[in-house]
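Data block below; observations after.
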Amino acid sequence: MGTSYARQRTMILITFLFIPLVLLGLFTYYPAVRLLYLSFTSWDGISDTVQFLGLDNYKEIFTNPDLFGVFLHQIPYVLGGILQNIIAILFAVILNSKIKGRNLFRVLLFVPYIMNGVAVAFMFQYVFDTENGSLNALLGMLGLQSLQHSWLGDTSLVNFSLASVSFWRYMGYTMIIYLGALQSIPGDMYEAATIDGANRFQSLWHLTLPNLTQVIQLNMFLTLSGALAVFDLPFVLTKGGPVGSSETFLLKTTETAFTFNNYGLASAMSIVLLIFTIVILVVQNMAIKRKGDA
Amino acid sequence: MTTKRIRDPIEWLKYILLGIASLVVLFPPYVVVLNAFKGPDESSSPFALPASFLNVENFRIVFDRADILQAFSNTFIVIAVSLVGNIVFGTMVSYALARISFKGKRLILGLFLFASIIPTITTQVVIFSLIQSLGVFNTLFAPILLFIGADVLQITIYLQFIRNIPEELDESAMIDGASLFRIYASIIFPLLSPATVTLVILKTINIYNELYIPFLYMPKQKLVMVSTSIMRFASNNQAQWSYICATILIIMVPTVLLYLFLQRYIFAGVTNGAVKG
């Protein structure tokens, strides 16, 4: 008989948790705390001394329209995200019914999520290209020349074009999450509803949607926090252009840090983004709790 | 029954909607496939068919110029090392949390959970100098260190699995005198393999698709990864659509194949993770 189990438990706790917790601390919590500290300073990323600025960075963020105003560019992503959830529920309901080729459609609609994000971005650069792009070519073939646009070059369109790429990429993913939730609603509930004389739309409205509330909340959190943190698409496709019209807050943050070496301001921007994410989460949790009490 | 179904207009509507969605999904990749095989003197209209689908000249050029092989091998190394570590750490944390009761268990779970809501790009402002002071900037260790840690999705999936493994198994092994480490290594770990397979696939896809971490930490030419290879190549070959299309195809095919063969695990992982999250 070796070491006692009580002793072994302590050993296991220490050895099994040590490295993962160190990694978590080093790459998540230390940066978060340091970010908070730097957000009150004017650190330039190099010098050893930092000047304490108090709340100046935060004042700058909320008063400088060049910084806070870019959130306006992200509204199309929010709208696209909401639409994405509606369409995803629609297709989840369709694919949850007895229908031929169910698995084929499920596999097909999910495929964009699997694709490399940068490759997807360039694929859409080709779709949206003004001269040779396939979207304008398609519109031309259909006789809809009037709808042809410079999809990524027009300041009022560019964010909608980018948001549509995000829609294309994530709709299937959202749909799979809804489909999973739908499949966990017991089938006999529907039978009971049918016996009670409910038609399809009544059971959709009174049975399916209420059972999806939690998943809808989850997906809305993912959608909204995703829309707050838009980065990859404009970073690859437009670099924030034309004339800064597709800048996002996160893109601005990384520029502020890595291009302009204003780490203090960038840290404050990161903290603002983090606080917004937490606010969304808390508000949604409160909404769920209120529903639960009612 | 069947005839009733076909007459039902709602059923028709379902197929029409699915058809439209499929076209929307397939349209961009379809155009990419067409144009990846076109030579320099062929029609630049995106819908024109290539002269031959056997014309692999573009792919040859891209393999030469875009460091594709280097990118694949670097990406493979990063994925392999990160995942081995990540699976070991993830199962260890989950085993400790599931089978040993101790104070602070909820706190640890909470720490992992809260970590997942911090947008990763925001903390790079600080992690950048951390990576430099650890001396791993411009080495493959930079992304590996950032991908290797256990995360909350993985831990919740593992915890679910471990709770379904009867504790009697552990107890009977203890009667035989097995150490706790042995119980973890030869009973729990193997029984977690279905979850491990799912997680390996999902994480492989995530790391393969990751853009900003290789971009930020490995600017060195030799350390190109899949995502950065296409970015560099495309910025040097603006509007050379046939080359860019070939690169897109080369990069997309591996994960799409992986997905087609292993879809069952991927769907299981996505659904599981979401419901728990």
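Under a GNM of chain A (C-alpha, springs under 10 Å), which listed residue has the highest mean-square fluctuation: A:Ile185, A:Ile46, A:Ile82?
The residue with the greatest mean-square fluctuation here is A:Ile46.
Restricting to DSSP loop positions (anything but H, G, I, E, B) with no more than 13 other Cβ atoms inside 10 Å of their own Cβ, which trypsin sites (Lys or Arg not before Pro) remain in segment B:36-115?
Filter output for segment B:36-115: B:Lys103.
Could you check which residue among A:Phe27, A:Phe167, A:Phe231 shows the biggest mean-square fluctuation in a GNM of chain A with a 10 Å Cα cutoff?
A:Phe27
With +1 on each Lys and Arg Cβ and -1 on each Asp and Glu Cβ, and nothing else charged, work out how big the dipole of segment B:1-90 is about its Cα centre, in Debye to the nearest 20.
Around 500 debye, computed over segment B:1-90.
What's the longest uninterrupted piece of chain B once you rule out the chymotrypsin sites (Phe, Trp or Tyr not before Pro) that are loop residues per DSSP with at most 15 other Cβ within 10 Å?
Answer from the scan: B:103-277.
Within straight cross-link reach of B:Lys220, meaning Cα distance under 19 Å, which aspartates and glutamates are found once same-chain residues fewer than 8 apart are removed?
Cα-Cα hits under 19 Å: B:Asp64, B:Asp67, B:Glu210.
Taking only Cα atoms, what is the 0 to 90° angle, nearest 10, from helix B:152-163's long axis to the longest principal axis of chain B?
Here the helix axis deviates by roughly 50 degrees.
Over chain A, what is the relative contact order in whole percent, taking alpha-carbon pairs under 8 Å and six or more residues apart?
Here the relative contact order equals 29 percent.
To test your reading of the geometry: what angle, between 0 and 90 degrees and rounded to tens, separates the Cα axis of helix B:193-209 from the longest principal axis of chain B?
For helix B:193-209, the angle is close to 40 degrees.
Can you compute the helix-only [θ] at 222 nm over the protein assembly as shown? Use -39500 (n - 2.57) per DSSP H run of at least 4 residues, normalise by all residues, nearest 500 deg cm²/dmol.
-22500 deg cm²/dmol
Classify segment A:65-293: rounded, prolate or oblate, from the alpha-carbon gyration tensor (a ≥ b ≥ c, eigenvalue square roots; a/c under 1.5 rounded; otherwise prolate if a/b is larger than b/c)?
oblate
Given an 8 Å cut-off on Cα distances and at least 6 residues of separation, report the relative contact order of segment A:16-159 as a percent.
With pairs under 8 Å counted, the relative contact order is 11 percent.
Counting only residues 5 or more places away or on other chains, whose amide H sits under 5 Å from the amide H of A:Thr41 once H atoms are built in the peptide plane?
Residues meeting the amide H criterion: A:Leu53.
Please return the longest range in chain A lying between exposed loop sites, taking trypsin sites (Lys or Arg not before Pro), DSSP loop only, at most 12 other beta-carbon atoms within 10 Å, and leaving the sites out.
So the longest stretch without any such site is A:101-294.
Using all alpha carbons of chain B, what is the percent of pairwise distances in each 5 Å bin, ordered from the shortest bin to the longest?
Histogramming chain B at 5 Å steps yields 1, 5, 9, 11, 13, 12, 12, 11, 9, 7, 5, 3, 2, 1, 0, 0 percent.
For A:Thr28, A:Thr63, what's the fewest-to-most ordering of other Cβ within 10 Å of each Cβ?
Lowest count first: A:Thr63, A:Thr28.
Within chain A, which complete DSSP H helices have Cα atoms spanning at least 15 Å along the helix axis and a mean Kyte-Doolittle hydropathy of -1.0 or higher?
The answer, listed by residue number, is A:5-24, A:75-96, A:102-114, A:117-128, A:158-183, A:209-228, A:263-293.
Pick from A:Pro20, A:Pro112, A:Pro242: which residue has the top mean-square fluctuation in a GNM of chain A where Cα pairs under 10 Å get a spring?
A:Pro20
Using Cα atoms only, what is the angle between the long axis of helix B:120-133 and the major principal axis of chain B, expressed in degrees (0 to 90) to the nearest 10?
80
May I ask for the distance between the Cα centers of segment B:109-131 and segment A:232-294, given as a whole number of Å?
14
Largest first, please: the extent of the C-alpha atoms of the protein assembly as shown along each principal axis, to the nearest Å.
Cα spread of the protein assembly as shown along its principal axes, largest to smallest: 81, 74, 52 Å.
Here, each number is a calculation from the coordinates, and none is a lab measurement. All values derive from a computational prediction rather than experimental measurement. We place every Cβ from the backbone using ideal geometry, glycine too, and count neighbours over all the protein chains shown.
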